[in-house]
Amino acid sequence: MHVIVVGCGRVGSGLALDLTREGHTVAIIDRRQQAFRRLPEDWGGDRVVGFGFDRDALERAGVRRASALAAVTSGDNSNILTARIAKETYEIPAVVARIYDPRRAEIYQRVGIPTVATVTWTTNQVMRRLFPEVSAVEWSDPADRVRFVEHLLPPAWGGRRLLEFERPGEVRLVAVTRAGVAQLATPDLVGQEGDVLHLAVTTPFADRLEDLLSHPVPLDQGGRR
């Protein structure tokens, strides 16, 4: 996967290194040439001098083949403008923006731009938002018997009652985030594209969770209660 990172500060450079270690191709954009000093000389990604909201810079960074973009500069306005161009003009599937003002963050999440506030920012969190189809562990008890995980709703569950995949004693749907707004799970809640599931799962069942979410029981075989 090709990923563009906008901003080569502490977070951006760390994110670029994490992404390349995981085998992705990466281009990083920063308005200052000296910012790239944070990267090792032998780093294999592309360095682009420019602004993330400048289309020429995005083109040089390979925006037309990018599958993900993270805007992590120190400016809210720059990050949001970059994220909107990436999502609306280039239709990049996974876009995330770093936001300092939490009031703005909620607004942009409602229009489909995932954000992370600076006070809770880590490179791990942006990786989770760039690759939401993979379960992310939010919490586990000291004995690692129970975990809370976050997972993007797979397409196969669209239009289905979400409580269908609960397994007594193994996995329970706790809440759903839809268009940036969280709500507790209810028996009649139906899945929609873009939903983020918040699940409680026993550790022994965690390895089977991906298969359960990816292969729902057909409706004509008891998949509908």
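Read the figures in this text as sums done on the coordinates, not as results from a lab. From a predicted model like this one, the values you see are computed outputs, not experimental measurements. In this analysis, Cβ positions are derived from the backbone assuming ideal geometry, glycine residues included, and neighbour counts consider all displayed protein chains.
Just check the range 136-221 against the gyration tensor rule for me: Cα atoms, a ≥ b ≥ c as the square roots of the eigenvalues, rounded for a/c under 1.5, and otherwise prolate or oblate depending on whether a/b exceeds b/c.
Details: a/c = 1.88, a/b = 1.30, b/c = 1.44.
Oblate, since a/c reaches 1.5 and b/c is not below a/b.
Pull out a ≥ b ≥ c, the square roots of the eigenvalues of the alpha-carbon gyration tensor of the range 1-72, then state rounded if a/c is under 1.5, prolate if not and a/b is larger than b/c, and oblate in the remaining case. Write out the running numbers ahead of the final one.
Details: a/c = 1.62, a/b = 1.07, b/c = 1.51.
In terms of gyration-tensor shape, oblate.
Listed highest first by mean packing, meaning other Cβ atoms within 10 Å per residue, what order do 175-183, 7-15, 43-51 come in?
Numbers: 175-183: 14.8, 7-15: 21.7, 43-51: 17.0.
The densest-packed peptide leads the list: 7-15, 43-51, 175-183.
Using Cα-Cα distances under 8 Å and only pairs 6 or more residues apart, what relative contact order does the range 136-221 have, in percent? Please list the in-between numbers first.
Numbers: 150 pairs, mean separation 30.6, N = 86.
Rounded, it is 36 percent for the range 136-221.
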